[in-house]
Structures are given as C-alpha cells and as structure tokens.
C-alpha cells in the first residue's frame, strides 16, 4: 500500500515537471528548492531543499555523471577509481598535522580532475600515488613522509632515510634558489 502511494507521488510530481527527491526525514517525495549554488570546485551543484510534508530542510548535490575510470593496481587487478580512497589515505597521513579538511578536499579534487581530464579509461595506481605525494609534499612534509612510507612500502630504515635525505636535499636547493636575487 505505502509503496503504491510513493509511486503515485513520484508519477504526479514528474508529470508536473518536478524532480522526485525523497526527504531523508519522512520519506516524502515532494520538496522545493530553497537555495541552489555551485560548489567551490564547480564540479557539482549544492541545493538546499525543504520537504513539503514535514517542513524540514536537507541538502542534495547534483554532480556530472562521468564514465568510470579503472585503476590498474600493482598486481594488475582493476578496480573503479574511487576518490574516497584517496581522501582516507590523506586523512591518515595528515593525522595530528595542521592540515584542514578543506586542504585535503582540495587535493582530492585536484587529483580527481587530473584523472578524469586525462581522457584515459585506465589509470595506474602508481600515477595516482605520485600525484598524491606531489601535492602532499607542497602542503606538509611530515604528512608526505607518512604517506610515502606506506605508499612506497619502505622495508627498512635505510630506504626511509633515503627518502628523507631526498626531501632535505630538495629543500636546500629550493632555499638556495630563493635566496638569489
């Protein structure tokens, strides 16, 4: 019975030219858009809605549907590209560091844009990891080393020290280059 009512609501709403968007609180299908604006990145539209039954407000996001990009793992398995995995890795690397969620989201957005704008159907996990490390190095060196230690699977202290020495050397070059007039 309830299922038929919900379907009838959806059909009537669609016939009126509306979009069926279920209220997260009461499940009603009719809502009105109160505010609509693009996100900072410009990749989606954020809409504030008000349920026509219970009056509560909720947020929805409209995003461009992209064709899936497959990630080729080290063992040659393939899986769908999931930016959420990058975000999780960044959150772990940036734990207890002065890095905001806004910074993390910006990195994820930048990498996601690079992957999708490449026009390739497949992208190696190695390339994604390198992009993440490149962005982290600019943002926070400690988070970079943390991420690199997991990503590059350092097996001993000497390989870890090699990476640190590379970072110190790059910093010295950057500092000496910026001191010249």
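Within region 120-174, the set of residues being closer than 23 Å to residue 75 by Cα and part of a loop (DSSP other than H, G, I, E, B) comprises 120, 121, 152, 153, 154, 155, 156. For region 68-95, a residue qualifies if it is within 17 Å of residue 115 (Cβ to Cβ) and free of Cβ contacts under 8 Å to residues at least 12 places away in the same chain, and the qualifying residues are 79, 82, 84, 85, 88.
The number of residues in region 96-105 being in contact (Cβ under 8 Å) with a residue 24 or more places away in the chain and either assigned to a loop (DSSP other than H, G, I, E, B) or not assigned by TED's automatic domain parsing to the domain that holds residue 141 (or both) comes to 3. From the residues in region 93-125 that are exposed (fewer than 12 other Cβ atoms within 10 Å of the Cβ) and closer than 21 Å to residue 71 by Cβ, which one is nearest to the chain's Cα centre (by Cα)? Looking at residues that are exposed (fewer than 12 other Cβ atoms within 10 Å of the Cβ) and closer than 21 Å to residue 71 by Cβ, I get 117. Filtering 157, 142, 108 for residues that are outside the structural domain of residue 42 (by TED's automatic domain parsing) and in contact (Cβ under 8 Å) with a residue 40 or more places away in the chain leaves a single hit, 142. Listed by first and then second residue, the pairs with beta-carbon distance under 9 Å, at least 6 apart or on different chains, first residue in region 116-138 and in the same structural domain as residue 152 (by TED's automatic domain parsing) and over 18 Å from residue 85 (Cα atoms), second modelled with pLDDT under 90 and crowded, with 17+ Cβ neighbours inside 10 Å, are 137/144; 137/148; 138/144. Within region 2-20, not a single residue is at pLDDT 90 or above, loosely packed, with under 11 Cβ neighbours inside 10 Å and either in a strand (DSSP E or B) or on the phi < 0 side of the Ramachandran plot (or both).
Go through region 40-76 residue by residue and tally those that are in a loop (DSSP other than H, G, I, E, B), under 18 Å from the mean Cα position of the chain (by Cα) and surrounded by 14 or more Cβ atoms within 10 Å (Cβ to Cβ).
Applying the first criterion (in a loop (DSSP other than H, G, I, E, B)) to region 40-76 yields 40-43, 52-56, 64-69, 73-76.
Applying the additional criterion that residues be under 18 Å from the mean Cα position of the chain (by Cα) yields 40-43, 64-69.
Now restrict to residues that are surrounded by 14 or more Cβ atoms within 10 Å (Cβ to Cβ): 43, 69.
Summing the residues that are in a loop (DSSP other than H, G, I, E, B), under 18 Å from the mean Cα position of the chain (by Cα) and surrounded by 14 or more Cβ atoms within 10 Å (Cβ to Cβ) in region 40-76 gives 2.
The values are calculated or read from the model by the stated rules, or taken from the named source; none is laboratory data. Since the structure is predicted, the reported quantities are computational estimates derived from the model, not experimental observations. Ideal geometry is used to build each Cβ from the backbone, glycine not excepted, and the neighbour counts take in all protein chains shown.
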